[in-house]
Structures are given as structure tokens and as C-alpha cells.
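This report refers to the structure that appears directly beneath it.
Please treat every number below as a calculation from the coordinates, not as lab data. Here the structure is a predicted model, which is why all the values come from computation and not from measurement. FYI the Cβ positions are ideal-geometry reconstructions off the backbone, even for glycines, and counts take in every protein chain you see.
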Amino acid sequence: MSDVPSLLYTDVEDDLRAAVRSMLESHSPWARVLERTDGDVAGDRKLWTLLTDDLGLAGLALGEDVGGAGASWREVAVVLEELGRAVCDVPYLTSVVTATALAEAVGARELLAELATGAVAAVAVPFTQPLDHPVSDPPRFAAGRIRGRVPAVAGAAEADVLLVPVAGAVVRVAAADARIEPVPSLDMTRRVADIDFGAEGGAAATVLAERDAVPAALARAAAVSAALLASEQLGLAQRCLEMTVEYVGQRRQFGRLIGSYQALKHRLADLWTAIAQARAVARYAAACAAVDDKDLPVAASLAQAVCSVVAQQAAEECVQLHGGIGFTWEHPAHLYLKRARADALAHGTAGWHRRRVGALVDLPPVAD
Amino acid sequence: MTITSAGRVDRTAVLPLEPTEEERVLRSTVSDIVGRFGHSYYMERSRSGEPMRELWELLGKSGFLGLNIPEEYGGGGAGLTELAIVLEELSARGCPELAMVLSQGIAGSILPLHGSAEQKARYLPGIASGAEKFVFALTEPDAGSNSHNVTTSAQLDGDEWVIRGTKYYISGVDHCDHFLLVARTGTNEATGRGRLTLFIVDDPNIAGLERQPIPTALQAPERQFTLFFDGVRLPADAVVGEVGHGLRPLFDGLNPERVLSAVICTGVARYALDRAVAYTTQRQVWGVPIAAHQGVQHPLAEAAIELEAARGMVWRAAALFDAGRPAGEEANMAKFLASRAGLKALDTAIQMHGGNGLADEYGLADLWGIVRLQQIAPVSTQMVLNHIAQHTLGLPRSY
Ligand SMILES: Cc1cc2nc3c(=O)[nH]c(=O)nc-3n(C[C@H](O)[C@H](O)[C@H](O)COP(=O)(O)OP(=O)(O)OC[C@H]3O[C@@H](n4cnc5c(N)ncnc54)[C@H](O)[C@@H]3O)c2cc1C
């Protein structure tokens with residue numbers, strides 16, 4: 001980026017954060033999140049309605065011409081920090097970020113207008129797969145019908161609309177026309193499902209983009225997803241640090257607050273510095289996405305390379321420094337740990353992104 | 001005990017959990033000897049570039065330099081373990097001796113196995129007593145980690161070999177009596193790799209050989225040199241082992257070298273931790289000894305744990321080697337662990353000394369070079385990992 005944008009939070013962003021946090025504190029306390037993980041329903045519908053209808057967060061990054069709020073990915077990133085902080089079970093990352101970025105990149109204005117009002121979409125690519133990285137056995141599209149399967153898609157069970165990359169095209173399929181089978185996953189606050197379009201007749205599909213337009217659109221959506229996921233990881237890490245600091249400030253052992261032991265203080269100070277770095281790369285990635293800077297691919301992969309690791313570190317420290325209680329079901333630490341672990345795989349691992357950064361900055365390729 | 005065909009004393013592969021009485025005595029005797037010199041002696045010789053001659057001679061006279069050399073050649077007839085104990089004790093008193101790695105470790109391991117009867121009789125007694133010192137010239141500007149790329153050539157002219165080429169980073173040539181030289185005597189047509197041959201250069205001041213010092217960050221008595229061979233003539237009997245098969249004897253010097261490099265690190269780590277404990281229990285900054293703070297204790301405790309883990313592997317590798325068992329994996333692992341543990345212990349000790357950590361008076365920072373070196377030479381940490389990946393894990397060769 002020629003001029004590095006301010007990475008600080010603006011007043012508008014602070015207000016947005018406060019509104020989202022207050023909503024989540026009332027409607028998505030961690031006990032509710034925990035309870036929902038035992039249920040059958042993917043995605044907290046009630047919370048989604050509050051976020052989209054009351055706060056208008058679905059079309060935040062979209063232009064007013066399609067019914068959006070005319071803000072940018074920077075503001076969406078702030079929302080994601082808050083959602084990560086509360087390990088909320090809503091399809092915000094999958095619909096408002098990934099599907100919206102893809103719909104925008106292919107110029108699907110009609111779909112964007114639906115998304116702006118809170119319709120839920122998902123891109124039918126395994127959650128662990130970077131969107132612009134070819135899948136081994138993609139669904140096949142011919143003569144208006146789509147056939148085949150896509151495993152482990154996040155946000156699919158909640159979706160109204162599926163966006164499906166196929167050979168040489170991106171097509172739109174009504175979720176109701178596909179068989180969507182939830183599968184158990186480590187992180188039950190963001191479930192994954194297998195999508196089956198059927199083998200025989202398949203499902204009806206309409207083309208959103210074709211041929212040359214496809215790779216660039218997928219690359220753009222992949223980069224935006226990776227960039228914005230970092231903010232969710234940042235919010236999660238920040239919350240883990242806060243919980244832990246609070247705990248070591250009240251728990252006593254050997255007649256002292258355990259937070260008075262240097263060994264714990266220094267660990268938390270190390271974590272603080274790691275999170276400060278994570279914040280810098282996550283904010284920079286969001287800023288690059290907001291203005292579609294040419295540095296976005298590097299910024300996005302850098303953000304994933306850093307934030308995937310830091311979020312896990314924060315969640316692990318949270319478990320470790322809570323001692324036995326951090327290991328129990330009745331404490332939220334495990335929710336954060338599982339989300340951090342799943343996020344570390346989402347849209348490519350830290351290792352995958354490090355390798356991509358290597359290629360983007362012209363390091364010689366690794367021999368395969 | 002039986003004597004193997006290789007002439008090495010063969011022992012059973014056991015590792016006592018407690019040091020034997022012999023080991024205790026050996027350690028304390030050597031430690032007492034080095035203690036008379038102390039780290040300031042090492043420092044002074046590092047500055048002047050003169051060898052630690054008096055210490056070396058005293059150790060030699062007491063029979064501590066040739067412990068791994070067969071008795072018939074004036075050695076102690078013990079093993080690598082005993083030699084490594086001596087070097088660890090030297091290092092633990094702040095006097096790590098690189099020359100032992102090169103002379104007793106490499107040359108002293110290769111010659112009993114691959115030397116001719118004349119070579120053994122001529123050179124081993126000197127190595128054993130310390131009266132004659134070998135160094136070792138392998139590395140070239142384009143052949144470091146990849147020794148197959150050696151280009152220094154040896155060509156027969158009548159019954160003499162004529163050597164041409166350049167070696168660099170060769171340690172201690174200015175104070176050695178002889179050195180081992182690896183040169184190319186042909187090329188394997190199939191692989192394109194050099195056919196290498198190992199030579200003894202009897203006289204380091206031989207005609208046609210020039211040397212130029214290379215200043216390095218290593219603060220040790222041994223200096224490094226670039227060697228230019230311009231038609232150096234060696235007699236036919238300078239060859240060790242077979243012509244074109246120099247890697248074979250070379251490999252027999254590798255495991256001892258790994259173990260001895262490792263004990264330099266574990267010894268310096270012990271030295272550094274001793275220093276750190278003494279200092280931090282006496283130094284007060286906030287009304288209590290700094291050792292009372294967890295921020296000081298825990299890094300030292302971690303360094304102590306890593307040190308003992310490394311030592312466990314070091315003595316295991318040495319015991320396997322002495323039992324005539326394959327020891328390549330263990331020796332590489334030992335070097336890997338020890339080079340890290342050494343660096344960590346030393347760095348932690350420096351940190352816990354505050355500003356004094358960098359002061360000559362406290363004798364820590366000057367040891368950084370010799371410990372850091374063990375992650376680069378003679379094999380780098382990355383090459384150790386390559387070895388373990390390929391040979392221990394059976395992963396495909398990556399290079
Ligand atoms: C103080 C000092 C004393 C020395 N004394 C002697 C001596 O007495 N005699 C002697 O013969 N030599 C000596 N050496 C040389 C030493 O053995 C070499 O420096 C060493 O073998 C590394 O070779 P290189 O420097 O050419 O590094 P390179 O081989 O060029 O390696 C450079 C870097 O690339 C990495 N690398 C290379 N190949 C791979 C791979 N396949 N996979 C992953 N990483 C790889 C290495 O690990 C290293 O980090 C000495 C060196 C020093 C600094």
C-alpha cells in the first residue's frame with residue numbers, strides 16, 4: 001500500500017463495536033452459546049435477525065445502490081472482532097464476508113440486494129480450503145443442472161442460497177434444492193455440513209459468472225475471507241487474554257494472587273505483545289480489503305499466518321492459566337480453543353499462507 | 001572386553017544411570033587441572049591466538065588427551081566416552097578446546113581404522129600424547145554442507161600427488177603439526193559427484209601452500225584460514241585408505257566429531273549455569289537476590305532441563321559408538337540438542353548478569369562464538385535435521 005492507512009479504530013468503528021457488544025452481551029452470553037452447541041440447530045437465527053434487522057449489519061460493506069449501508073470491510077472487521085470475542089454462532093463470516101465478497105466480485109447485484117436484507121448465503125467450498133485453490137472433485141454443471149457433492153462447508157446448514165464454483169463458472173443454487181447434511185465438528189459454534197446436489201437429475205442452477213471472470217472473482221473472495229477471518233481471530237484472542245488476566249487477578253495460591261507470580265505475568269505480557277502484532281496485521285488486511293489495495297493478497301496471507309497462531313496461543317494460555325477449571329465444560333475456555341483451532345484451518349492453514357507469502361514476495365518456490 | 005577387528009575396544013552397549021567411580025575420578029581430576037588455569041587463560045589465548053599450550057601439555061602428560069587411542073599407540077585404550085568427559089570438563093571450566101575435536105576426535109578416530117601400519121605408528125603416538133596436533137581441511141568456498149562438491153584436486157605425477165585448489169575456514173593450521181586433507185581424485189561419471197580421497201599433509205608449511213587468516217566472530221585460540229594449494233606435492237603414501245574412497249574414512253570421524261562438538265556445548269552450558277547461579281544468588285536489585293524472581297529462576301531452570309536432556313543423548317551416543325553400534329542418529333541428535341541447550345544456557349546466563357553479562361570480567365559473552373559455531377560447523381543444524389528426516393523417519397531425501 002503506497003500510503004499505509006491509519007490502523008487505529010475510528011469513532012464510528014468504536015460506536016459500532018459498542019452497539020454490537022451490547023447486543024451480544026444481552027443475547028449471546030457464553031452460557032447460551034454453550035447450550036446451543038448441544039442442540040441440533042446450526043446458527044442462532046434469533047441473534048442473526050437482531051444483528052441484521054436491528055443493527056443492519058448484513059449489508060455493512062455494500063453500496064447503498066444495492067441496499068447496503070455504504071460502509072466498508074473495515075467496519076465488517078470490527079463486527080467480526082466482536083463476534084469472535086463472543087464465539088457467536090451466526091453465519092456472518094460465511095455469508096456477509098465470503099459469499100458477499102464473491103457475489104460482489106461477480107457483479108451479482110440481485111443477490112447482493114438479497115444479502116443486504118439478511119438473506120444467508122454460503123460458498124460451497126470446504127471451509128478449510130482457500131477459495132482460489134482448486135478442489136479435487138468439484139461439482140459438475142451442465143445445461144442448467146448441477147451434480148456432485150461438496151464436503152464440510154461452513155454456514156451451509158444456515159444458508160438460503162449456495163454459490164458454487166464449478167469448472168469455468170460460479171453458479172447459484174437454492175439451498176432448498178440441495179441435500180445439506182450437518183456433520184459433527186470440533187467447533188460446534190460454527191457447524192459444517194456436506195452438500196449433495198444429487199447424482200442423477202441434480203439441482204437447478206443459474207450462472208453468475210463464467211470463464212475468465214471466475215479465477216479473479218475467487219481470488220478476490222479468498223483474499224477478503226482470509227483478511228477478515230483475522231479479525232475474528234483477533235477478537236477471540238483478545239477475549240481469552242482478558243478472561244485470563246481477570247482470573248489470575250483474583251485466584252490465590254500459596255497465599256498470593258497467582259497473577260503476582262512473574263512466570264504468569266511474563267507469559268501474559270508475551271501474549272499481549274503477540275496480540276498487538278495480530279491486531280496490526282488484521283487491521284492492515286481489513287484496510288487493504290476496504291480499498292481493494294494491490295497489497296491485499298500479501299496482507300491477507302500475512303494476517304492468516306500470524307492470527308491463526310496467535311488465536312490458538314491465546315486460547316491455549318487461557319486453558320493453561322485457568323488450571324483445572326479451564327478444563328471443564330462449565331467454563332468457556334474450551335469454546336474458544338475449539339473455535340481457534342477450527343479457524344486455524346479455515347481458508348488455508350498458517351503454513352499454507354506462509355508459503356503463499358513466500359511466492360508473493362518472490363522467494364524461490366519450495367521443491368515439491 | 002574384546003578387541004574388535006577395527007582395533008577398537010568393544011564394550012557392551014550399556015549406560016550407567018550413576019557415574020562410575022572411574023568417571024567421577026576422571027572428571028574431578030581433569031576439572032582440577034583446568035581449574036588451575038581458569039577461563040581467563042582461555043580468554044587471553046583467544047586474544048593472542050596462541051594455543052593453550054601449558055594446559056594441553058599437562059593434560060597430555062597425564063594421559064588425558066589420548067584416551068580414545070589404542071594402547072599399542074600410546075593411548076589410553078578407553079573410548080570416545082572418556083575423551084568426551086575430558087572435553088566436557090575442560091569446557092565446564094571455561095576452557096573449551098577445539099583442537100581436541102580435530103586432532104583426537106577426527107584424526108584420532110580415522111587413523112586407527114583406516115591408516116596404514118606406517119601411518120598409525122608414525123602419527124598416533126603424537127596424537128595420543130598431544131605432542132603432535134592434527135587439523136582438518138575439508139570445506140571450500142563451493143563445498144560446505146555439500147562435500148561432494150570439493151574441487152581441490154589431487155593428480156598423480158609420477159609417484160607423487162599434485163594438489164591444486166582452495167580450502168577455507170580451516171581452523172588451527174598455524175599451530176598444527178599435520179593436517180588431513182580431502183581432495184578430488186576423479187569424478188563419478190554416473191552421479192557427477194567427486195571421487196574424493198583423504199590425504200595426510202605431513203608438513204603444514206610445505207612448499208606451494210599459502211594461508212591467509214579469516215577474521216571470524218569465534219573468540220577461541222584457534223584461528224581460521226583460507227588455504228591456497230598451488231602444486232603442493234605429496235608422496236603416494238600420504239593417502240589414507242583407498243584412492244577415490246575418501247568418504248569412507250571421513251564418515252568414521254563424523255560421529256566422534258558430533259559427540260565432541262556436543263560436549264563443548266554441554267560443558268559451556270554447565271559453566272554458564274554455574275556462573276549464573278553464583279551471580280543471581282548474590283546480586284540484589286530490589287532488596288532480594290535476583291534469583292528469588294521467577295523471571296530469573298524459570299529461564300535458568302529451563303536451561304538446566306534442556307541441558308540434562310541433551311547430556312542424556314550425548315552419553316548415549318558416545319556409549320553406542322564405543323560399543324561399536326551404529327551411532328549416527330544419536331550423535332546427530334546429541335549435537336542438535338546440545339548446540340541448542342548450550343546456546344540457551346549461555347544466553348540466559350548473560351541475560352541474568354545484566355550489563356555484567358557483556359563484561360570480560362564475567363567471562364560469558366566471549367564464549368558465544370564457540371557455542372554458536374556448533375550450529376554451523378562441521379555440519380549445520382539443518383543438515384542434522386536432513387539426516388534425521390531421511391534416516392530416522394524414512395522421509396524422502398529433500399536435497
Ligand atoms: C569458525 C569456523 C571454523 C571452521 N573450521 C573448519 C575446519 O577446521 N575445517 C573445515 O573443513 N571446515 C571448517 N569450517 C567450515 C564449516 O564446516 C562450514 O562452514 C560448514 O560445513 C557449513 O558450510 P558452508 O559455510 O559452506 O555453508 P553452506 O553449505 O553454504 O550452508 C549455508 C546455509 O544453508 C543451509 N543449507 C545448506 N544445504 C541445505 C539443505 N540441503 N537443507 C537445508 N538447509 C541447507 C545450511 O544449514 C546453512 O544454514 C569452519 C567454519 C567456521 C565458521
Spatial separation of Cα centroids for the stretch A:66-133 and the stretch A:3-44, in angstrom:
15
From the Cα trace of the protein assembly as shown, what convex hull volume per residue do you get, rounded to a whole Å³?
217
Protection-proxy order for peptides B:315-325, A:349-359, each taking the mean of Cβ atoms within 10 Å per residue, highest first:
B:315-325, A:349-359
From zero up to wherever the largest Cα-Cα distance of the stretch A:172-281 sits, split into 5 Å bins and tell me the percent of pairs in each.
2, 9, 10, 11, 13, 13, 10, 8, 7, 6, 5, 4, 2, 1, 0
Where a Cα-Cα gap under 16 Å defines reach, which aspartates and glutamates qualify for A:Lys46, not counting those fewer than 8 residues away within the same chain?
A:Glu25, A:Glu35, A:Asp54, A:Asp89, A:Glu158, A:Asp160
So what is the relative contact order for the stretch B:24-158, in percent, with contacts set as C-alpha pairs under 8 Å and at least six apart?
24
In nm², the average projected area of the convex hull spanned by the Cα atoms of the stretch A:284-368 is 7.2
Two-site FRET efficiency, B:Asp230 against B:His148, from Cβ-Cβ distance with R₀ of 30 Å, rounded to 0.05
0.80
I need the calculated FRET efficiency for the pair A:Lys265 and A:Asp40, taking r as the beta carbon distance and R₀ as 35 Å, to the nearest 0.05.
0.20
Could you work out the relative contact order of chain B? I mean the mean sequence separation of Cα pairs under 8 Å and 6+ apart, divided by the number of residues, in percent.
16
Can you give the charge dipole size of the protein assembly as shown about its Cα centre, rounded to the nearest 20 debye, using +1 on the beta carbon of Lys and Arg and -1 on the beta carbon of Asp and Glu?
600
Check the cysteines of chain A one by one and keep only those with no other cysteine Cβ under 4.7 Å from their own.
A:Cys88, A:Cys288, A:Cys307
Proximal lysines to B:Lys61, defined as alpha-carbon separation beneath 22 angstrom and excluding residues fewer than eight positions away on the same chain
B:Lys120, B:Lys133
Provide Rg and Dmax in Å for the stretch B:21-132, with only Cα atoms included in the calculation.
13.7, 41
If the cut-off is a Cα-Cα distance under 27 Å, which lysines reach B:Lys344, setting aside same-chain residues fewer than 8 apart in sequence?
A:Lys265, B:Lys335
When you have a sec, figure out the Kirkwood radius of chain B from all distinct Cα pair distances and drop it here in Å to one decimal?
21.7
Over the stretch B:247-392, calculate the relative contact order: mean separation of alpha carbon pairs under 8 Å at least 6 apart, over the residue count, as a percent.
31
Mind ranking B:32-40, A:89-97 by how tightly packed they are, going by the mean number of other C-beta atoms within 10 angstrom, highest first?
A:89-97, B:32-40
By the scheme Lys and Arg +1, Asp and Glu -1, what is the net charge of all other residues having a beta-carbon under 9 Å from that of B:His353?
+2
Förster radius 51 Å - calculated FRET efficiency between A:Arg109 and B:Ile376, Cβ distance, rounded to 0.05:
0.25
Expressed in angstrom and rounded, the centroid-to-centroid distance over alpha carbons for the stretch A:225-257 and the stretch B:143-221 is 58
Net charge of neighbours whose Cβ lies under 12 Å from the Cβ of A:Trp272, counting Lys and Arg as +1 and Asp and Glu as -1
0
